[in-house]
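Notes follow the structure.
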Amino acid sequence: MYAEKLIVLVVAVVALTAAKPHWMWVDDDEAADSQNEKRASNIELITLNKTAIAACVAGANFYRNKHETTGALVWDADLARGAQSWANELAKRRLVTDTKGGRASQIKHASPKALKGIGENLFWSVLKGTCADAYVGWEKENSGSYTQLVWKGTKKFGMGIVKGNFGKYWEMVKYPQYFMVGRFSPAGNTMNGEATNVGKKKKL
């Protein structure tokens, strides 16, 4: 009798084990890493080749040449790397807010501590993502971004461009958004310096 009860108990345990669902646990860190990788795939750092860099330089100097006694800018790789890094950071911040469905993060300048006396211009656009697009935008603004571009005391610059395949325009019609940063040295827009550093526009 005892042996029969033992057999029944063992069978019941085996049956219960077989019926019990097997849960697959995912580590929180692994889940977060997977989400971050998916997000990162929506951000593309635009590498500027020699031709693109030459176009950026020519475009910047086209606007500087509109002003009297304003010398040409030269490209600086270190400034470009810093600009690219901050453009990437801006894209990542915007992606997080877009993914969560919250209010879009603002396109903000890097902190004065991070810039260390370097001038910085920002540009954001849907579908348009070249240096020329940024220059046109800055000229239309007719603000500090444009005066920085044509500031006589500035001698070198670099541009960083990041493409974002996300957001409402991407979801609707696959239009990417572009985050662009220009870094300038020495910085322009110094206090009371515009009169001597922004030349008069040449007569056509």
* Kirkwood Rh in Å, taken over the range 59-99 so that all alpha-carbon pairs contribute -> 12.7 Å
* **Subset of K50/K201; K108/K155; K113/K202; K156/K202; K108/K168 violating a 28 Å alpha-carbon distance limit** => K50/K201; K113/K202
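Readers should treat all values here as calculations from the given coordinates under stated rules, not as data from a laboratory. Here the structure is a predicted model, which is why all the values come from computation and not from measurement.
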